[in-house]
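Some notes on the structure that comes next.
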Amino acid sequence: MSLYGNRRIPAAIILLLIGVVFAFFKGLDVGSIVSGVGLSLPLFNVPSLEGMLKGGLQLALPQLPLSLANSVIATSLLVRDFFPERNDVNVKKIGVTYGIMNIVSPFFSGIPVCHGAGGMAGHYRFGARTGGSVIIYGCIYLILGLAFASVVEEVTRLFPFPILGVLLFFEGFALLQLVRDVQQQTGEFYIAILVGAIIIGLPYGYLIGLVAGAILYRLTRTGKLKLSQI
């Protein structure tokens with residue numbers, strides 16, 4: 001906790017080193033990792049029409065509310081909060097890059113990817129202030145994918161779940177702190193709390209929360225609903 005937000009000694013690096021040490025004590029099979037190192041290039045793949053229809057209906061549509069809210073809108077708002085001088089990073093640019101990534105990825109046997117407000121908040125709160133942190137992060141994944149693909153399951157043991165849980169906790173805490181921005185705006189604060197409760201407590205909560213939050217916000221902005229008087 002004392003290193004939280006420290007830019008000279010990033011807490012995430014310390015946690016990662018602790019995870020590596022913990023993995024060795026838990027019997028990490030270093031020999032199998034070393035023997036499994038080798039170049040593995042991604043396979044070119046042309047998705048079938050059936051696969052695209054199935055993926056679109058079963059994966060893309062259910063994911064759409066979360067992707068729009070978290071990967072595009074929330075990420076754009078976080079950029080505004082953390083880097084107010086970067087007003088060129090807007091919803092349109094984030095949405096376009098998000099779409100391009102997911103169009104290209106299937107042709108190389110990839111999985112769906114996104115930006116994510118939680119990841120950005122985590123990077124920032126653990127000390128990152130430039131795009132260099134994301135470049136380092138991406139290079140690590142490139143090395144893992146190209147050189148350790150055959151033993152990736154063993155490599156992931158270098159990062160135990162308890163350590164991952166700590167990082168995710170502080171990511172969530174960083175996002176929770178941003179609620180303070182709307183504390184003085186009673187109507188928006190109520191909407192934020194209500195949407196959060198819907199997301200947690202209802203089936204299809206992300207979709208319902210997104211629609212309900214948008215409607216309530218619109219009603220309060222037009223003066224048809226006065227949440228501040230509740």
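Between L28 and V211, the contour length at 0.36 nm per residue exceeds the Cα-Cα span by 61.2 nm.
Ignoring aspartates and glutamates fewer than eight residues from K93 along the same chain, the ones with Cα atoms less than 18 angstrom from its Cα are D81, E85. The GNM of the chain, with springs linking C-alpha atoms under 10 angstrom apart, assigns the highest mean-square fluctuation among L16, L49, L39 to L49.
In terms of other Cβ atoms within 10 Å, I215, I191, I94 run from fewest to most in the order I215, I94, I191.
Here r is the Cβ-Cβ distance between I100 and A60 and R0 is 22 Å; the resulting FRET efficiency, rounded to 0.05, is 0.90.
Classify the stretch 79-155 from the C-alpha gyration tensor, please: rounded if a/c falls under 1.5, else prolate or oblate depending on whether a/b exceeds b/c. Oblate.
Rounded to the nearest 10 degrees, the inclination of helix 186-201 to the longest alpha-carbon principal axis of the chain is 50 degrees.
Residues of the stretch 133-166 falling in the label zone of F83, defined by backbone nitrogen less than 17 Å from a point 7 Å along Cα to beta-carbon, are 133-139. Going by the alpha-carbon gyration tensor, a ≥ b ≥ c the square roots of its eigenvalues, is the stretch 1-104 rounded (a/c under 1.5) or, if a/c is not under 1.5, prolate (a/b greater than b/c) versus oblate? It is oblate, given that a/c is not under 1.5 and a/b is not larger than b/c. Counted without the sites themselves, the longest stretch of the chain free of trypsin sites (Lys or Arg not before Pro) in a DSSP loop having at most 15 other beta carbon atoms within 10 Å is 130-223.
Maximal additional length on extending the E153-F173 stretch stands at 4.3 nm, based on 0.36 nm per residue less the C-alpha distance. Checking the a/c ratio against 1.5 first, then a/b against b/c, what shape does the Cα gyration tensor give for the stretch 117-164? Oblate, since a/c reaches 1.5 and b/c is not below a/b. Could you pull out which residues in the stretch 28-43 have an amide N less than 18 Å from a spot 7 Å beyond the Cα of L142, following the Cα-Cβ vector? Within reach of a label on L142, which here means backbone N under 18 Å from a point 7 Å along Cα→Cβ, the stretch 28-43 contributes 38-43.
None of the figures in this text is laboratory data; all of them are computed from the coordinates on show. If you're wondering where the values come from, they're calculated on a predicted model, not measured in any experiment. All Cβ positions, even for glycine, are placed from backbone atoms using ideal geometry, and neighbour counts span all protein chains on display.
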